[in-house]
1. Pairs needed: first member in segment 1-28, more than 16 Å from the ligand (Cβ to nearest atom) and assigned to a strand (DSSP E or B); second member anywhere, modelled with pLDDT of 95 or more and not aromatic (Phe, Trp, Tyr); C-beta distance under 6 Å; at least 6 residues apart or different chains.
2. Within segment 162-169, does at least one residue satisfy the condition of being within 17 Å of Ile25 (Cα to Cα) and surrounded by fewer than 20 Cβ atoms within 10 Å (Cβ to Cβ)?
3. Select from segment 40-59 the residues that are farther than 21 Å from Leu136 by Cα and not hydrophobic (A, V, I, L, M, F, W, C) and list them in ascending order.
4. Touching a strand residue (DSSP E or B) at 6+ places or on another chain (Cβ under 9 Å) and on the phi < 0 side of the Ramachandran plot, is that true of Gly92?
5. What number of residues in segment 72-112 are of a type in the set (Gly, Ala, Ser) and either free of Cβ contacts under 8 Å to residues at least 40 places away in the same chain or in a helix (DSSP H, G or I) (or both)?
6. Evaluate segment 19-28: report whether one residue or more is among the basic types (Lys, Arg) and crowded, with 19+ Cβ neighbours inside 10 Å.
7. Look at segment 205-245 and say how many of its residues are surrounded by fewer than 20 Cβ atoms within 10 Å (Cβ to Cβ), aliphatic (A, V, I, L, M) and part of a loop (DSSP other than H, G, I, E, B).
8. Among what's in segment 134-154 and is in contact with a His (Cβ under 9 Å, 6 or more places away or on another chain) and within 22 Å of Ser243 (Cα to Cα), pick the residue that is nearest to the ligand (Cβ to nearest atom).
Amino acid sequence: MLEFQATKDFLNNKTILITGAGDGIGKAAALSFSQFGATVILLGKTVKKLENVYDLIVAQGSPQPAIIPLDLKGATEQHYIDMAQTIEEQFGHLDGVLHNASLLGALGPFEHMDAQSLEDVLKINVSAPAVMTKALLPVLRKAPNASIIFTSSGVGRKGRAYWGPYAISKFATEGMMQVLADECDGTSVRVNSINPGATRTEMRAKAYPAEDPLTLKTAEEIIPTYLYLVADDSVKENGQTFSAQ
Ligand code: NDP
């Protein structure tokens, strides 16, 4: 676990897009980034959840956030192109993207894998962040330093029985991170991945229904690694895999 000491307002004047910002780790990241001065763009599927995070950010006296309601399952390249254009018009540049939204899909033996479920998981966890990043690269390059963070998992670094589509998607995520990091090497854009580790969220409860959630770290507790990767302190990190615990 990284011991990063954030200083007050160190994210002032930074604009950071977070996917899956309505719940779990994405919500905690949005509240924390904005607390340190960032303007956060909250992207997610359930508008009510995004509005709730918006209200919490305003209530804590942080910069006014923006909301992008978008279901990554149905989103097309044009959605991302339009989104990038709006971000450029509104903010001029983008300092960071946290690709956090993911679908767990069904766990079970490979032989029972549902083809549609595999497609959905790969669309939301891999294709959507890939095509979104492609569209956002020009506006990310307009920032003095920009950080792209992909979210991995323990099963994206070592395969495990019965983790099917989700594990396949997280290996692909690590691969995507490495390809893009290599292309961005020596530029103002850096690309890294984080494995949050076991964290007390709805997704974790779905994967491990018998587990006592109180034995797990909360999303708030694992945020220091995320803060480090959006801070200028990490400008030299590129192509690295981080673990938040
Ligand atoms: P949650 O299920 O709590 O949150 C996932 C978020 O992703 C929700 O805000 C959800 O929105 C959003 N999302 C899901 N599908 C879509 C979609 N089609 N379009 C847009 N947004 C979508 O998960 P966590 O906070 O636990 O997970 C965050 C990340 O961390 C994920 O990438 C996960 O794989 C990874 N991770 C988590 C671990 C853990 O122990 N919690 C361990 C290892 C990795 P909505 O609520 O509206 O559906």
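The values are calculated or read from the model by the stated rules, or taken from the named source; none is laboratory data. Everything quoted here is computed from the prediction, not taken from an experiment. Every residue, glycine among them, receives a Cβ derived from its backbone with ideal geometry; neighbour counts consider all protein chains shown.
1. From residues that are more than 16 Å from the ligand (Cβ to nearest atom) and assigned to a strand (DSSP E or B), the pairs are Thr15/Thr39; Thr15/Leu94; Thr15/Asp95.
2. no
3. Within segment 40-59, Thr46, Lys48, Lys49, Glu51, Asn52, Tyr54, Asp55 meet the criteria.
4. no
5. Residues flagged as of a type in the set (Gly, Ala, Ser) and either free of Cβ contacts under 8 Å to residues at least 40 places away in the same chain or in a helix (DSSP H, G or I) (or both) within segment 72-112 amount to 2.
6. Yes - at least one qualifying residue is present in segment 19-28.
7. 3
8. Step by step, filter segment 134-154, then rank; the result is Thr151.
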